[in-house]
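The values are calculated or read from the model by the stated rules, or taken from the named source; none is laboratory data. Bear in mind that the values here come from a model prediction, so they are computed numbers and not experimental data. Glycine gets a Cβ as well: all are built from the backbone with ideal geometry, and neighbour counts include every protein chain shown.
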Amino acid sequence: MNVEHPAPSIETTMTADDGRPDMSNSNVREDLAMTGRCALVHLPTGRTCLLPLRHPGPCEFHRPQEAQDMVDGG
């Protein structure tokens, strides 16, 4: 924390104005997250949680095609 290495500010650690710092993680589908979905991806299977953001209980993972259909408006 000096001139060469300033302390990170809130603006550099948060993403845009969406309030979702998790969108920079590789296990969150950004296109689904921007629609208000949990969008957590189970990396070994590629399945994605389609529940609303901050849903109660565990994630419900769906096939990649189901997630894509939701992004496409279906």
Next on the checklist: Can you tell me which residue is farthest from the chain's Cα centre (by Cα) among those in the stretch 28-74 that are hydroxyl-bearing (Ser, Thr, Tyr) and not in a strand (DSSP E or B)?
Outcome noted: Thr45
Item to check | Whichever residue in the stretch 1-43 is modelled with pLDDT of 85 or more and β-branched (Val, Ile, Thr) and, among such residues, is surrounded by the fewest Cβ atoms within 10 Å (Cβ to Cβ) | outcome: Thr35
